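What follows is a short report on a single structure.
The values are calculated or read from the model by the stated rules, or taken from the named source; none is laboratory data. All figures in this text were calculated on a predicted structure; none of them were measured in a lab. Note that we place each Cβ from the backbone using ideal geometry, even for glycine, and neighbour counts take in every protein chain shown.
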Amino acid sequence: MLFFRVRQGDMANITLENVSKIFPGGIVAVDDVTLEIADGEFVVLVGPSGCGKSTLLRMIAGLEEVSGGRISIGSEEVTDLAPRSRDIAMVFQSYALYPHMTVRQNIGYGLKVRRAPKDEARRRVAEVAELLGLEDLLDRRPAHLSGGQRQRVAMGRAIVREPKAFLMDEPLSNLDAKLRVGMRASLAQLHTRLGTTTVYVTHDQTEAMTLGQRVAVLRDGRILQVDTPQRLYHEPRDVFVAAFIGTPAMNLVEATIDGDDALFGRFRIPLDPERRPALDHRKVTLGIRPEAFEAAASAPAGAPTLEVAPAVVEELGSDAHVFFPVDAKRIGLDTGLTQDDEGTFLAQEEALFSARIDPRVDAAVGRPLTLAVDPARFHFFDVESGISLLPATPAATEPLPNELQSAAR
Amino acid sequence: MSSPLAGAPLAGVPARARRRRGGRRGRLGWNALGLAVFALIIFPVYWMIATAFKRGSDIFADTPVWFPIHPTLSNFTDAIHRPHFWADVKNSLIIVGCVVALSLVLAFLAALALAKFRFYGRKAFIVLIIGVQMIPLNALIIPIYLVLAKANQVDKLSGVIITYLTFVLPFTVWTLRGFMIGVPRELEEAAQVDGSTRFGAFVRVLLPLIGPGLVATSIFAFIQAWNEFIMAYVLLHSPEKQTLTVWLASFTTNRGTAWGPLMAGATLTALPVVIFFVAIQRKIAFGLTAGAVRG
C-alpha cells in the first residue's frame, strides 16, 4: 500500500486567472473566474444547474476550450494543453466506464495508454482494487455492476494514475440517498489519506458543506463567495449564498431599519448594536436562519419575542421545524434547487418563515406560539445588489490546515 | 436501397407486448401468417437449389418435380467447367473485399466527422447523403459510365469498386453515424483524460463499441457488392474481367437458357453471402454499450 501514502510529487495547486467561457451564440457560461486552489486542498464548486460549475471543471480538465484567462496546474500553464497532458483524473457523473472492458481493464486503461511497465500497472490496479474493495469484481464488465460498484470503479480509475488533481463532476448524484451518504464519508476519508488536490462539482449544498475544505458558490458563471463551509454559513457575503446554503433555507424578508429596530410585517425587533447595517432607516433584506429562533420559554430573559401562528409543524425528532406566515413581502430567489431542497408550490406572496426549535416545545398548528429570536444572528443584505451590509470579519483566505479540516468534517 | 438489417432492432420487442395480443386462437393466426410469409420468401431459394440437383428431364417435366428424386451433381460440374468461372470468382472476391474494407474505413472516418465534430454545412451534408440514395440507380448508369470512361476506368475492376462504393457509402456512413451518436461523449472524454489522444480515444473506445454497426454495414456492403449486376454488366466487357453475377447471365444465350447449370451456378454464387452472414451474424450484439453510464 505504499503509493497511497501522502503524495510526494510536485506541488499541484490549481490557479484560475480571469477564466471565461463564452459558448457559440454568446452564452457566457463562466464569467471572469479567479480562484487559487492550494496543493492538497479539497475545493467544492457548488451552485444551481446552469451556473457554470461543470463547465469550469471541464475547462480545468481540458475538455472545454478556454475563451479567456489562464489556467495553471502546479507550476505549469495548461490553458491550451490537451487533457492527457494535464496529469489530472476525472470522475464523471455518469461514471463513463468503458463498457467493453472489464473492471481490471477499466482501472488499468490510463496506465496502459501511458505505457506504464506491465508489472507496475498490475500491482497498482491490484492495490486500488483492494483499497476500494473491488478485488472480486475485477473480471466483470460494468454492465454487471451495481451503481455503487460502478462508482467505485470510476474512483479507482482516477486513483490508480496518481494524478496531480482529481476533478469530480457530481460523482454521487446517481446513487440513492443512503449510498450517497456512505460514499460521501468514503470520499472524505480517501482525501485525507491521499492528500490529492481535488475539485468537486455538486449542486447539493450538503455535499458541498461536508466535503469541501473550501466551497465556492457560483451563480450565472461567477463566483459569489469562496470560503470555508463554516464561514459560508455564518458569514454569507451575498444574499444568494445565504439562501443557497442551509436547510431549511434562511428566512429572507424585506425589512425596514428604524433607528435601533428592524421592522418586518407586524414585528419590531431591536437590533444588536454589534451587528447591524451602518445606515439608518432604510430598506434592507433581512435574513434569519431558522435556528436563530427559539421557543420563548427556553430563551434567555430579555430576548426579543414574536407572537406567531404556526401553519405547519414538522417533528423531526431531534428538533422541530415550525413554519409561520409573516405579513411581509417574500424575497423570491431562484436558487434553482429542485431535488434536495424544499420549494413551495403554493402561490403565496406572503413570506413563510421557518424556525427550528426544541421538539419538547408543544407547538401545534392553530395554536399561537411565542418565539424568541437572537438579533445577534441577523443578516442584512442590500435590496438591490444583494451584497451583505455587515462588515466582513477578517477573512481567513488561507485554507485551514488539514488536521483541523478533517475534524471539521 | 433499403436493407433487411434495418429491421433488426425490432427483434427486441418485449415478450409481454406479444403475449397481450389476444388468446390462443389469435396467436395461431399470427403464426400461420408468419409461416405463409416464410414459405413465400423461401420458395424461390428452395426452387433454385432443388433445380440445381435435378436432371434435365425433371427440370422440363410438364408436371413440376417438387423434389430432386434422382439428384445429380452434373449441373454443378457443368457450371464450374464453363469458361472463366474461376477468374470471375476471383474478380468478385477482389471487388467485394475492396468494397467492404474501403467502405468500413471511409465510412468510419466520415461518420466520425458527422457524429463528433461540428462544422459548417454538416446538416446539409447529412441531408445530401440521404438525398443521393433517392436517385434510382438506372438513371445513373450512363452518367457513371461516361465519367468512368473519361477516367479510363471502364472494363477495370477498380472502376467497378469505385462505383459500388458510391452506392454503399451513403448507407454505411448514415448507419455508423447512428451507432456513434449512441455512444456517450463522456466515454471519449474519460479516455482523453486518462491519457489518450482524441483519435486514440476514437480507436480504443469508440471503435469497439460500434462493433455491431461495423458488422451490420459490412454485411450490407458485402451483399450489395456481391449481388450487383447491372453496373458490372455495363462496365465490364472482357469475359475474364467479369463478376459472378455477369457470368451467370452467360447461361442465357440466343439458343435458350441452360437452367440446370444456371441454377447450380446461382447456388454456388449465393453460398459466399450465406457463409459470410452466418460467420458474422453472432457479432451483431445490440446493447453492447449497456453499463457505460447509469441505468
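Please verify whether residue A:171 is surrounded by 19 or more Cβ atoms within 10 Å (Cβ to Cβ), facing another protein chain (nearest Cβ under 10 Å) and out of contact with any Ser or Thr (no Cβ under 7 Å at 6 or more places or on another chain), treating the condition exactly as stated.
no
From (1) surrounded by 18 or more Cβ atoms within 10 Å (Cβ to Cβ); (2) at positive phi, pick out the condition that doesn't hold for residue B:172.
It fails just one condition, (2).
Residue pairs, Cβ under 6 Å, 6 or more apart or interchain, first in the stretch A:64-86 and farther than 17 Å from residue A:38 by Cβ and away from chain B (no Cβ under 14 Å), second at pLDDT 95 or above and in a helix (DSSP H, G or I). List them.
From the stretch A:64-86, the pairs are A:66/A:59.
Give the residues of the stretch A:128-137 that are surrounded by fewer than 18 Cβ atoms within 10 Å (Cβ to Cβ) and either in contact with a helix residue (DSSP H, G or I) (Cβ under 8 Å, 6 or more places away or on another chain) or within 13 Å of another protein chain (Cβ to nearest Cβ) (or both), sorted by residue number.
A:133, A:135, listed by residue number.
Based on what the data block shows, is residue A:109 within 28 Å of residue A:145 (Cβ to Cβ), more than 22 Å from the chain's Cα centre (by Cα), part of a loop (DSSP other than H, G, I, E, B) and hydroxyl-bearing (Ser, Thr, Tyr)?
It is false that residue A:109 is within 28 Å of residue A:145 (Cβ to Cβ), more than 22 Å from the chain's Cα centre (by Cα), part of a loop (DSSP other than H, G, I, E, B) and hydroxyl-bearing (Ser, Thr, Tyr).
Only one of these is touching a Pro at 6+ places or on another chain (Cβ under 8 Å) and modelled with pLDDT under 90: A:290, A:248. Name it.
On the way: A:290 fails: modelled with pLDDT under 90.
So the residue among A:290, A:248 that is touching a Pro at 6+ places or on another chain (Cβ under 8 Å) and modelled with pLDDT under 90 is A:248.
Is one or more of the residues making up the stretch B:279-293 within 26 Å of the chain's Cα centre (by Cα), aromatic (Phe, Trp, Tyr) and at pLDDT 65 or above?
Initial filter on the stretch B:279-293 (within 26 Å of the chain's Cα centre (by Cα)): B:279-289.
With aromatic (Phe, Trp, Tyr) added as a condition, the list becomes B:286.
Subset that is at pLDDT 65 or above: none.
No, the conditions are met nowhere in the stretch B:279-293.
Of (1) surrounded by fewer than 19 Cβ atoms within 10 Å (Cβ to Cβ); (2) in contact with a Lys or Arg (Cβ under 7 Å, 6 or more places away or on another chain), residue B:111 satisfies all except one. Which?
(1)
Does residue A:308 count as surrounded by 15 or more Cβ atoms within 10 Å (Cβ to Cβ), under 19 Å from residue A:269 (Cβ atoms) and at pLDDT 90 or above?
On the way: surrounded by 15 or more Cβ atoms within 10 Å (Cβ to Cβ): yes; under 19 Å from residue A:269 (Cβ atoms): yes; at pLDDT 90 or above: yes.
Yes; evaluated as a whole, the condition is true for this residue.
Does the stretch B:117-129 contain any residue that is within 20 Å of residue B:247 (Cα to Cα) and not in a helix (DSSP H, G or I)? Before you say what the answer is, go through the steps one by one.
Taking the stretch B:117-129 and keeping what is within 20 Å of residue B:247 (Cα to Cα), we get none.
No, that holds for no residue.
Taking only pairs six or more apart or across chains, which ones have beta-carbon atoms under 7 Å, a first residue in the stretch B:70-90 that is in contact (Cβ under 8 Å) with a residue 40 or more places away in the chain, and a second residue that is exposed (fewer than 15 other Cβ atoms within 10 Å of the Cβ)?
Once the first residue is in contact (Cβ under 8 Å) with a residue 40 or more places away in the chain and sits in the stretch B:70-90, its partners that are exposed (fewer than 15 other Cβ atoms within 10 Å of the Cβ) give B:83/B:239; B:84/B:239; B:84/B:240; B:87/B:240.
Evaluate the stretch A:113-127: report whether one residue or more is under 25 Å from residue A:22 (Cα atoms), among the basic types (Lys, Arg) and either touching a residue at least 60 places away in the same chain (Cβ under 8 Å) or in contact with a helix residue (DSSP H, G or I) (Cβ under 9 Å, 6 or more places away or on another chain) (or both). Spell out the reasoning first.
Quick first cut of the stretch A:113-127, residues under 25 Å from residue A:22 (Cα atoms) only: none.
The answer is no; no qualifying residue exists.
I'd like the residue in the stretch B:192-210 that is at the interface with another protein chain (Cβ under 9 Å from one of its Cβ atoms) and closer than 30 Å to residue B:277 by Cβ and, out of all such residues, is surrounded by the fewest Cβ atoms within 10 Å (Cβ to Cβ).
B:208
Matching residues to (1) in contact with a Phe, Trp or Tyr (Cβ under 8 Å, 6 or more places away or on another chain); (2) of a type in the set (Gly, Ala, Ser); (3) modelled with pLDDT under 90; (4) under 30 Å from residue B:232 (Cβ atoms):
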residue: B:4; (1), (2), (3), (4): no, no, yes, yes
residue: B:7; (1), (2), (3), (4): no, yes, yes, yes
residue: B:34; (1), (2), (3), (4): no, yes, no, no
residue: B:45; (1), (2), (3), (4): no, no, no, yes
residue: B:58; (1), (2), (3), (4): no, no, yes, no
residue: B:79; (1), (2), (3), (4): yes, yes, yes, yes
residue: B:86; (1), (2), (3), (4): no, no, no, yes
residue: B:91; (1), (2), (3), (4): no, no, no, yes
residue: B:101; (1), (2), (3), (4): no, yes, no, yes
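Say we look at the stretch B:175-186 and pick out the residues that are more than 14 Å from chain A (Cβ to nearest Cβ) and not hydrophobic (A, V, I, L, M, F, W, C); which of these is surrounded by the fewest Cβ atoms within 10 Å (Cβ to Cβ)? Before the answer, list the steps.
As a first pass, look at the stretch B:175-186 and keep what is more than 14 Å from chain A (Cβ to nearest Cβ): B:175-178, B:180-181.
With not hydrophobic (A, V, I, L, M, F, W, C) added as a condition, the list becomes B:175, B:177-178.
Numbers: B:175: 21, B:177: 22, B:178: 13.
Among those that are more than 14 Å from chain A (Cβ to nearest Cβ) and not hydrophobic (A, V, I, L, M, F, W, C), it is B:178.
Within the stretch B:128-169, how many residues turn out to be crowded, with 16+ Cβ neighbours inside 10 Å and touching a Pro at 6+ places or on another chain (Cβ under 7 Å)? Explain how you work it out, then say what you get.
Residues of the stretch B:128-169 crowded, with 16+ Cβ neighbours inside 10 Å: B:129, B:140-141, B:144-145, B:148, B:153-154, B:156-157, B:159-165, B:167-169.
Pick out the ones that are also touching a Pro at 6+ places or on another chain (Cβ under 7 Å) and you get B:129.
Matching residues across the stretch B:128-169 total 1.
If residue B:189 satisfies all but one of (1) closer than 24 Å to residue A:64 by Cα; (2) of a type outside the set (A, V, I, L, M); (3) more than 14 Å from chain A (Cβ to nearest Cβ), what's the number of the condition it fails?
Among (1) closer than 24 Å to residue A:64 by Cα; (2) of a type outside the set (A, V, I, L, M); (3) more than 14 Å from chain A (Cβ to nearest Cβ), residue B:189 violates only (3).
Condition check ((1) buried (at least 16 other Cβ atoms within 10 Å of the Cβ); (2) assigned to a strand (DSSP E or B)) across all residues:
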| site | (1), (2) |
| --- | --- |
| A:18 | no, yes |
| A:21 | yes, yes |
| A:29 | yes, yes |
| A:35 | yes, yes |
| A:39 | yes, no |
| A:44 | yes, yes |
| A:48 | yes, no |
| A:57 | yes, no |
| A:98 | yes, no |
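Take the residues in the stretch A:89-101 that are of a type in the set (A, V, I, L, M) and touching a helix residue (DSSP H, G or I) at 6+ places or on another chain (Cβ under 6 Å); name whichever of them is farthest from the other protein chains (Cβ to nearest Cβ). Write out each step before concluding.
Filtering the stretch A:89-101 for residues of a type in the set (A, V, I, L, M) gives A:89-91, A:96-97, A:101.
If we keep only those that are touching a helix residue (DSSP H, G or I) at 6+ places or on another chain (Cβ under 6 Å) as well, we get A:89-91, A:96-97.
On the way: A:89: 6, A:90: 5, A:91: 9, A:96: 4, A:97: 6 Å.
Per the stated criteria, the residue is A:91.
Within the stretch A:100-123, which residues are buried (at least 22 other Cβ atoms within 10 Å of the Cβ) and out of contact with any Asp or Glu (no Cβ under 8 Å at 6 or more places or on another chain)?
A:106, A:107, A:108
Consider residue A:143 against the criteria (1) facing chain B (nearest Cβ under 8 Å); (2) in a helix (DSSP H, G or I); (3) under 24 Å from residue A:190 (Cα atoms): it satisfies all of them except one. Which criterion is unmet?
Failed condition: (3).
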